[in-house]
Each structure stands twice: as structure tokens, then as C-alpha cells.
Amino acid sequence: MGDNSQILVVIVFGLVAAFLLFRLRSVLGRRTGNERQRDFRAFRAPPDKGPVGGAPVIDGTATPLSETETGSAPGIAAIKAVDRSFDETIFLRGARGAFEIIIKAFAAGDTAALAPLLSDDVYQSFSRAIANRQAAVETQETHLVAIKSADIVAAEVTGSQARVSVKFVSNQINVTRSADGKVVDGEPDHAVEKIDIWTFVRDVPSRDPNWKLAASKST
């Protein structure tokens, strides 16, 4: 009986670990069958101080939708036609979570946390920015005070790839410090409103359920 109890405990813990891993990987939506291939179009290097605490600015958003189209836009309908599991509410919930994770991970220089949430090209761009910051012996402090809103502003399907652009309005405190702790950029006690448009992509035929950040810009 002792051996059987130990085996049961191992199985239970294994199931719990598998569930937690699935939840983490599903931060940008749910999908087990139909998804899409990454097609990152173009990006440009950011200015010295980018919109997300110096994060790279990535071009390549989908065609904007009008305010009246956002709820039931042709782009959204096209995505649902190839991925019947797509749900705007679930997607936006995941997008908000990913927004927070990516901002904090970039500030912390945590490339391991960034890797599963970024397209290959965006990951390389973010990694270079982190490496440059580390080479300058600077640290980034980011406090996401609030995400005031997150709305789908564009959507499209091209080939096997779905692209959804989300407009985030947030209050943030971003501060860059030198090696001796002095403030190089930003105000530690002052939050500023930021407007970012992030484009997420997913390969519909793929079994990978994750949407990944493929483009970002500030307005």
C-alpha cells in the first residue's frame, strides 16, 4: 500500500504541474487545432527611449477598423471563419495579461519569460535592446500602475496567419538608472499615460495555441 500511495502522489503532482503549464502557455488564448504561421513583416530599431521603457518599436500592424466595426468587424469574422474557437473576450483577457508580462519581463531583462510570447524577430530585437542596456550598465524599472483599456482596433487573415491589433491605454512609471543608481530617464514618482498598439499573430493550422507579439508602436 505504501508504494501505491507514493505512485498516486507522483501522478497527482504530475497532473497539477501539467495543468499549470497549460495555463501559462495559454496566456494569449485557447486553441488546440487550427492556428497560424508566424509572418513577421518588417520592423525598425527604436529610438533610444522607446514606448515601453526603451523596448523596440515594431512596425507591421493590420489595417485599422472603424469604431463601428470593432465589435463585429469583417476582420474578426474572417478569423472566426478559420478558427471557430476565437473569442474576443478571452483573447483580450489574455492580451492584457501578456501586455503586463512582456513589459515587466523586458524591464527585468528576463528573456526566458519573453521567448514564448514574442515572434522570433521581435524576440531578437528585444534581446538586443536588453543586451545594449546591460552593456551600458543601466537598469530599467517599470511599474504598470493600471491598464485603463484594451480594445481590438484591427484584424485580418492573410494566408494561414491571423493578426489582431490591440490598443492599450495604460498608466506607467518607467525609470532608467545608471550603475550608481542615478536616474538617467523617467520620473520615479510620476506616472504617465501611454497609448500602445500591439499586433499579435498566430498560425491557424499549428497546434501551438499561443498568440505572439509581432509588432508594436506608440501613438
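Among the residues of the stretch 99-112, count how many are under 16 Å from Asn171 (Cα atoms) and either aliphatic (A, V, I, L, M) or assigned to a loop (DSSP other than H, G, I, E, B) (or both).
Final tally of qualifying residues: 4.
Could you check, for the stretch 155-163, whether at least one of its residues is in contact (Cβ under 8 Å) with a residue 60 or more places away in the chain, touching a strand residue (DSSP E or B) at 6+ places or on another chain (Cβ under 6 Å) and within 25 Å of Ala108 (Cβ to Cβ)?
no
Please find, within the stretch 182-199, the residue that is surrounded by the fewest Cβ atoms within 10 Å (Cβ to Cβ) out of those that are of a type in the set (D, E, K, R) and touching a residue at least 60 places away in the same chain (Cβ under 8 Å).
The first filter runs over the stretch 182-199 and keeps only residues of a type in the set (D, E, K, R), leaving 182, 185, 187, 189, 193-194, 196.
After this cut, where a residue has to be touching a residue at least 60 places away in the same chain (Cβ under 8 Å) as well, the list is 185, 194, 196.
On the way: Asp185: 15, Lys194: 19, Asp196: 21.
That would be Asp185.
Look through Ala179, Ala214, Ala191 and report the one residue that is under 27 Å from Pro116 (Cβ atoms) and aliphatic (A, V, I, L, M).
So the residue among Ala179, Ala214, Ala191 that is under 27 Å from Pro116 (Cβ atoms) and aliphatic (A, V, I, L, M) is Ala214.
Results for (1) under 22 Å from Ile101 (Cα atoms); (2) surrounded by 14 or more Cβ atoms within 10 Å (Cβ to Cβ); (3) among the β-branched types (Val, Ile, Thr); (4) modelled with pLDDT of 95 or more, shown as yes or no for each residue.
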{"site": "Val153", "(1), (2), (3), (4)": "yes, yes, yes, no"}
{"site": "Gly159", "(1), (2), (3), (4)": "no, no, no, no"}
{"site": "Lys167", "(1), (2), (3), (4)": "yes, yes, no, yes"}
{"site": "Asp180", "(1), (2), (3), (4)": "no, no, no, no"}
{"site": "Val201", "(1), (2), (3), (4)": "yes, yes, yes, yes"}
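Hey, does the stretch 187-195 have a residue that's of a type in the set (Asp, Glu) and modelled with pLDDT of 95 or more?
Yes, there is a match, as at least one residue in the stretch 187-195 is of a type in the set (Asp, Glu) and modelled with pLDDT of 95 or more.
The values are calculated or read from the model by the stated rules, or taken from the named source; none is laboratory data. Since the model is a prediction, treat every value here as computed from it, not as a measurement. Virtual Cβ from ideal backbone geometry, glycine too; neighbours counted across all protein chains shown.
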